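K.L.:
The structure under discussion is supplied below as structure tokens; questions concerning it will follow.
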Amino acid sequence: MKRHLFFSILFIFFLSGLNINAEAQQTVSGVVTDADDGSFLPGVTVMVKGTDKGTITDIEGKYEIEVPAGKEFLIFSYIGMKTLELKITGSEMNVAMSYENEEIAEIMVVASFAKDRHTPVSFSTVTPEIITEKLGNQEYPEILKSTPSVYATKQGGGYGDSRINLRGFDSNNIGVLINGVPVNDMETGKVYWSNWAGLSDVTKTMQVQRGLGASKLAISSVGGTINIITKTTDAEQGGSVYLSTGNNGYSKTAFTLSTGLQENGWAVTVSGSRTQGDGYIKGTNFEGYSYFFNVSKRLTDNQTLSLTAFGAPQWHNQRSSRHYIKTYMDNPDGTLYNSDYGYRNGEVYGGAYGYNEYHKPQISLNHYWNINSLTSLSTAIYVSKSSGGGRRVSGNRKDLLTFEYPTGEPKESTLLTPDGHLDFDSAMKINQASSTGSQVIISNSNNSHDWYGILSTLNTKIGDINITAGIDGRYYKGYHYQEIEDLLGGKYYLDNANVNRDPGTPLHKGDKFSYYNLGEVLWEGVFAQGEYVLENFSAFISGSASNSSYRRTDYFQYTPEEGQVTDWQNFFAYSGKGGMNYNINKYHNVFVNGGYFTRAPYFKYTFIGYTNEFNPSAKHEKVLSAELGYGYRSSKIKANLTLYRTEWRDKAMTRSNQEGGTDIYKGLNALHQGVEAEVTYKPVDKIKIKGMLSVGDWTWEDEVTVESYDQDQVLIGTSTAYTGGVHVGDAAQTTAAFSIDAEVLHNLTLGTDINYYDNLYSYFDINSRVSESDIGIDAWKVPAYTLADINMKYKFKIGNLNAALYGKVNNVFDTEYIADATDGITHDYDSSPVFFGFGRTWTLALKIRF
């Protein structure tokens, strides 16, 4: 099947031919502006209809283009704005562009999308064209890997198991917004990218704002904010079909259809995709789907109602265990080695933390109302009801099918086949011989939730001041329990964790065991911002306040008479920030911003040791951050330079201890500071050269006091964790990138991207640094590495249809490198478990638009 697809694509490629027009030309020039506020629009694509001739407007919205004789139309296109096809009326054509529809315009405001030389924050924007050309079969966050202070890896290599760090902060401390709605987990703050594995198919544009960012909401933007704008209802009728194939059985099929805006005010857009493959890492096969649906109705000239639903159900086998470097080198699979699977009935079967299945649909109803020329109101009501979880191995003899943590080495009792895979058949024989039920079973750790929210934003203008204010309300209920999936040959399973059930009760598939609790979060937030805008100067000040209320219900550890539901625990938090941008002239601008915010401790730190006992030491985290930036713009060069400093105080952390109780870490502080530079150079219209350099200095500042409690929550002692001066791990503190994209032949564009990573310190466990011998010892620093990717795009016609062929090769030199590491007991190469990154991978894709 894959071979037929490959040759079909090549056949179309060679049949398409070339169509070069070398007729006489005329020159057309002008200025492109925003129809709403009259501001210049840099970066607008201007094309001569029916040709490949095009240019891009400069910082003042100016363009100049040579038009072949006989060509009568120009096409103007820009992210989020309505594409214009205008007849040439003379040598000078000034154009005003408006947003595609009210939805895009309002979403851009609600999501606080930053504008160049206007919004005083450091940001980078990724267009859907870049995603299509550069992503290939990489993970969604990896599209940002060439932007400053970003470190993104695939971790174990399973589908959707990627992670991203921004300025040294992980996803708990990066605010992620989809169409202006926060999607960080309400209990932990994490973002699980496997829940959004199909998001690249529906992304309209993506923007990463580093530091405090421009968002008005009280979100977790310690390191920054990732703003994702999805498709809405397309303004024009049409659609597309996308086919892709790649290494290790990778294939993807996708489509989009849109009615366009009809005369009766209705419009519908629908898209979907299916992705599957064997996985680059051994034992990581997967299958994922994505769907997107939007129906809009223009109620009046000033009001639109829009219903949107999207999701990405998926299942995938995983690799969760890191290993010593020597273990990989000694294994026949080398760096592709995965210890976390075996075979059942001839199929790959993941073991503990070796399989994940999840579906997190999100549905929103949006109302957009332009009250008058100065005032608008946007309101979104949304709901997300997820289901799924990850596989676990449980039981009195779970050691039979698990490995040591964090080394990934087999235990003395771990059952393995002669070829080194998990031996489920031997485990089944032990269960079948047991007179007390299964000794080791397969279970699912379920983490489903119901999430409801409302986000309403009012925008108005008084003189030169834009005022934005709104409310942000959310209610979240998380369901957490272990559920029996497979008794592995046994007749039943016994569990004594539920005090409300006789320990001798036989349990079977589908029964809950070990734990069953609910986590509820109630969030009430308000926000406001004032923005003062002149021709060459803009400034803003904003503030937010929120109350986080937590309640825990435990059905296993407490009887109804004792009380299974806690009281609500309330935490009030607030933020304030401001900034200003000054355009010195048409070439130079400077900006500065700063802010301070408090953040309520996450749900998991509010209750001690997975019990209903409130943690009296739970306190707000505090963040103080500032940026100073400079920008340069000309017709050929775009450059940015940013200095930043972020102080993070009283980071919350709790860990289980050997006494069955909890260790609480107090006074954990970090300092993240650095410099970032970005340059884009266009010597001619058909060549773009980009460069990036970011150098960070991220360290833990102080020694930490550790309070240890036993299982009855009685203080049993204090100790010290020696973390002062240790570098923050898990993200490269020095990164650099270089890329060049050039149209080398008519309609044929080739590109290359080179990324360099250094000062990557391994992740370390604070529990391992309680000896005075650890004073002054840094975490192991992973060797620096450089990766090179290449990509290709060829545009052609199939009859009257526009088509494009895409090719992508990642890590073209098949470089061997370490992407993730855990600090070892001797802080070196030999003692640190790691994940190696991927070697050479490739994709070939065809997209046809109609």
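The values are calculated or read from the model by the stated rules, or taken from the named source; none is laboratory data. Only a predicted model underlies this, so the values are computations on that prediction, with no experimental measurement involved. Neighbour counts run over all protein chains shown; Cβ positions are idealised from the backbone, glycine included. To get the accessible areas, we keep the full protein, side chains included, count just its heavy atoms, and leave off ligands, DNA and RNA. Shrake-Rupley method; radii C 1.70, N 1.55, O 1.52, S 1.80 Å.
K.L.:
Scanning the stretch 711-762 for residues that are touching a helix residue (DSSP H, G or I) at 6+ places or on another chain (Cβ under 7 Å) and of a type in the set (Ser, Thr, Tyr), which turns out most open to solvent (accessible area, probe 1.4 Å)?
P.N.:
Among them, the one singled out is Tyr722.
K.L.:
Moving on. Given the criteria open to solvent by less than 50 Å² (accessible area, probe 1.4 Å), under 22 Å from Thr654 (Cβ atoms) and out of contact with any His (no Cβ under 8 Å at 6 or more places or on another chain), does Tyr605 qualify?
P.N.:
Yes: the conditions hold for Tyr605.
K.L.:
Any idea how many residues of the stretch 392-409 are surrounded by 16 or more Cβ atoms within 10 Å (Cβ to Cβ) and within 25 Å of Gly334 (Cβ to Cβ)?
P.N.:
So the answer is 6.
K.L.:
Tally up the residues in the stretch 538-564 that are part of a strand (DSSP E or B), in contact (Cβ under 8 Å) with a residue 40 or more places away in the chain and open to solvent by 60 Å² or more (accessible area, probe 1.4 Å), please.
P.N.:
Final tally of qualifying residues: 0.
K.L.:
Quick check, is Ala784 touching an Asp or Glu at 6+ places or on another chain (Cβ under 6 Å) and of a type outside the set (Phe, Trp, Tyr)?
P.N.:
yes
K.L.:
Follow-up. Go through the stretch 763-799 residue by residue and tally those that are over 21 Å from Phe169 (Cα atoms), of a type outside the set (Phe, Trp, Tyr), open to solvent by less than 20 Å² (accessible area, probe 1.4 Å) and assigned to a strand (DSSP E or B).
P.N.:
3
K.L.:
I'd like to know if the stretch 586-595 contains one or more residues that are outside any loop (DSSP other than H, G, I, E, B), open to solvent by 20 Å² or more (accessible area, probe 1.4 Å) and within 13 Å of Lys651 (Cα to Cα).
P.N.:
No, there is no match, as no residue in the stretch 586-595 is outside any loop (DSSP other than H, G, I, E, B), open to solvent by 20 Å² or more (accessible area, probe 1.4 Å) and within 13 Å of Lys651 (Cα to Cα).
K.L.:
Checking the condition of a type in the set (Val, Ile, Thr), under 30 Å from Ala35 (Cβ atoms) and under 30 Å from the mean Cα position of the chain (by Cα), which residue from Ile363, Ile381 passes?
P.N.:
After ruling out the rest, the residue left standing is Ile381.
K.L.:
Looking only at the stretch 49-76, filter to residues that are of a type in the set (Val, Ile, Thr) and closer than 24 Å to Tyr681 by Cβ; which one of those is surrounded by the fewest Cβ atoms within 10 Å (Cβ to Cβ)?
P.N.:
By that ranking, first place goes to Ile56.
K.L.:
A further question on this structure: With the condition being over 12 Å from the mean Cα position of the chain (by Cα), of a type in the set (A, V, I, L, M) and farther than 30 Å from Phe850 by Cβ, I'd like the strands (runs of 3 or more DSSP E) fully within the stretch 151-243 carrying at least 3 qualifying residues.
P.N.:
Here the list is empty.
K.L.:
If you go through the stretch 197-205 one residue at a time, do you hit one that is buried (at least 19 other Cβ atoms within 10 Å of the Cβ) and within 26 Å of Val592 (Cα to Cα)?
P.N.:
Yes, the stretch 197-205 has at least one match.
K.L.:
Does the stretch 82-101 contain at least one residue that is outside any strand (DSSP E or B), under 25 Å from the mean Cα position of the chain (by Cα) and crowded, with 19+ Cβ neighbours inside 10 Å?
P.N.:
For the stretch 82-101, residues outside any strand (DSSP E or B), under 25 Å from the mean Cα position of the chain (by Cα) and crowded, with 19+ Cβ neighbours inside 10 Å: absent.
K.L.:
Now a separate question. Read through the list (1) under 30 Å from Leu846 (Cα atoms); (2) in contact with a helix residue (DSSP H, G or I) (Cβ under 6 Å, 6 or more places away or on another chain), then give the number of the only condition that Thr275 fails.
P.N.:
That leaves (2) as the condition not met.
K.L.:
What are the pairs, 6+ residues apart or on separate chains, where a residue within the stretch 458-485 that is of a type in the set (Val, Ile, Thr) has its Cβ under 6 Å from a residue that is part of a loop (DSSP other than H, G, I, E, B)?
P.N.:
What qualifies is Thr460/Leu374; Thr460/Thr375; Ile484/Lys509; Ile484/Asp511.
K.L.:
Here's a follow-up. Do you know which residues across the stretch 231-255 are closer than 30 Å to Arg840 by Cα and of a type in the set (S, T, N, Q)?
P.N.:
Residues satisfying the conditions are Ser240, Ser244, Thr245, Asn247, Asn248, Ser251, Thr253.
K.L.:
If you don't mind, another one. Being in a strand (DSSP E or B), closer than 29 Å to Thr225 by Cβ, aromatic (Phe, Trp, Tyr) and touching a Phe, Trp or Tyr at 6+ places or on another chain (Cβ under 8 Å): is that true of Tyr644 here?
P.N.:
no
K.L.:
Which residue is nearest to the chain's Cα centre (by Cα), if the candidates are limited to the stretch 366-378 and must be assigned to a loop (DSSP other than H, G, I, E, B) and either closer than 23 Å to Gly311 by Cβ or in contact (Cβ under 8 Å) with a residue 12 or more places away in the chain (or both)?
P.N.:
My answer is Thr375.
K.L.:
Follow-up question, since we're still on this one. Every residue in the stretch 671-709 that is touching a residue at least 60 places away in the same chain (Cβ under 8 Å) and among the small types (Gly, Ala, Ser), please.
P.N.:
Gly674, Ala677, Ser694, Gly696
K.L.:
Next question. If a residue has to be of a type outside the set (Ser, Thr, Tyr), in contact with an Asp or Glu (Cβ under 9 Å, 6 or more places away or on another chain) and surrounded by fewer than 20 Cβ atoms within 10 Å (Cβ to Cβ) to count, how many in the stretch 508-530 make the cut?
P.N.:
Here the count works out to 8.
K.L.:
Cβ-Cβ distance below 9 Å, separation of 6 or more or different chains: which pairs start in the stretch 293-305 with a residue that is open to solvent by 30 Å² or more (accessible area, probe 1.4 Å) and end on one that is of a type in the set (D, E, K, R) and part of a strand (DSSP E or B)?
P.N.:
Here the result reads Leu305/Lys297; Leu305/Arg298, each pair linking the stretch 293-305 to a residue that is of a type in the set (D, E, K, R) and part of a strand (DSSP E or B).
K.L.:
Being part of a strand (DSSP E or B) and among the hydrophobic types (A, V, I, L, M, F, W, C) is the filter here, so list the residues in the stretch 608-640 that pass it.
P.N.:
Phe614, Val623, Leu624, Ala626, Leu628, Ile637, Ala639
K.L.:
Name the single residue that is farthest from Ala197 (Cα to Cα) among those in the stretch 249-281 being assigned to a strand (DSSP E or B) and of a type in the set (Val, Ile, Thr).
P.N.:
Here the answer is Val268.
K.L.:
Now, a different point. So Lys688 ticks every box in (1) surrounded by 22 or more Cβ atoms within 10 Å (Cβ to Cβ); (2) in contact with an Asp or Glu (Cβ under 6 Å, 6 or more places away or on another chain); (3) not aromatic (Phe, Trp, Tyr) but one. Which box is left unticked?
P.N.:
Status for Lys688: all satisfied but (1).
K.L.:
Which of (1) modelled with pLDDT of 90 or more; (2) polar (S, T, N, Q); (3) open to solvent by less than 10 Å² (accessible area, probe 1.4 Å) is the odd one out, the single condition Asn184 does not satisfy?
P.N.:
The single condition Asn184 does not satisfy is (3).
K.L.:
Could you count how many residues in the stretch 136-150 are open to solvent by 10 Å² or more (accessible area, probe 1.4 Å) and in a loop (DSSP other than H, G, I, E, B)?
P.N.:
7
K.L.:
Hey, can you tell me all the residues within the stretch 487-513 that are in contact (Cβ under 8 Å) with a residue 24 or more places away in the chain and closer than 20 Å to Val565 by Cβ?
P.N.:
Selection gives Ala497, Asn498, Val499, Asn500, Lys512.
K.L.:
Is at least one residue of the stretch 810-820 in contact with a Pro (Cβ under 9 Å, 6 or more places away or on another chain) and open to solvent by 20 Å² or more (accessible area, probe 1.4 Å)?
P.N.:
Checked against the condition, which is being in contact with a Pro (Cβ under 9 Å, 6 or more places away or on another chain) and open to solvent by 20 Å² or more (accessible area, probe 1.4 Å), the stretch 810-820 yields at least one hit.
K.L.:
So which residues in the stretch 421-450 are surrounded by fewer than 20 Cβ atoms within 10 Å (Cβ to Cβ), in contact with a strand residue (DSSP E or B) (Cβ under 7 Å, 6 or more places away or on another chain) and of a type in the set (Ser, Thr, Tyr)?
P.N.:
Ser445, Ser448
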